[in-house]
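These notes are about the structure you will find just below.
Here, each number is a calculation from the coordinates, and none is a lab measurement. Just so we're clear, the structure is a prediction, and the values are computed from it rather than from any experiment. Every residue, glycine as well, gets a Cβ built from its backbone with ideal geometry; the counts of neighbours run over all protein chains shown.
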Amino acid sequence: MTILLYILIGLVVLIAILAMIAPKTYSVSRSTSISKPVSEVFQYVRSLKNQDEWGPWAKKDPNMTKEFQGTDGEVGAISGWKGNKDVGEGEQEIMAIKENEVVETKLRFFKPWKAESDAYIKVNDEGNGSTKVTWGFSGKNKFPFSIMMLFMNMDKSVGKDFEQGLSDLKSTLEK
């Protein structure tokens, strides 16, 4: 019985230590340059519906169901989705817009697990009719999922999707 108690105490101590050293936040972003003026790029990326044309998740589940609420491209617009295990279930809401600068959204994931992230798409004039687009998101790792982040690199896992999405966005806008 004493050995079992020591094992149990050891597990509790191990979990406590892992929880203390686990990353509490995450942030992932990628950028690309698009040969179009800022205003044209911004008008396109502010639309949640347009994300189906360039975002990587629509390709991961072509049968994903989508639902839209509100006026697309305006604060309060919501894009909801239900898909396969690769895309899960959730919604994205436009929280703030700074014209020709940034669209800020809230991502709410319902399945496979509940989570929230702050996301954004920023545009910057690079001159000569070219626009730098930065797509990113950040959030907090809550216990016990924070411990999983010791063994998973959010930047590596989601970064590839952002790179693919930005590449597709560039191709779509530069046609």
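Over the range 1-63, the fraction of Cα-Cα pairs per 5 Å bin, rounded to whole percents and listed from the shortest bin up, is 3, 11, 10, 13, 10, 8, 6, 7, 8, 7, 6, 5, 3, 1, 0.
Orientation-averaged projection of the range 2-173 equals 11.2 nm² [convex hull of Cα atoms, one quarter of hull surface area]. Using C-alpha pairs under 8 Å with a sequence gap of at least 6, the mean separation divided by the residue count of the range 22-175 gives a relative contact order of 34 percent. Using the rule -39500 (n - 2.57) for each DSSP H run of four or more residues, divided by the residues of the chain, the 222 nm mean residue ellipticity is -10500 deg cm²/dmol. Each of M64, M95 has some number of other Cβ atoms within 10 Å of its Cβ, and from fewest to most they run M95, M64.
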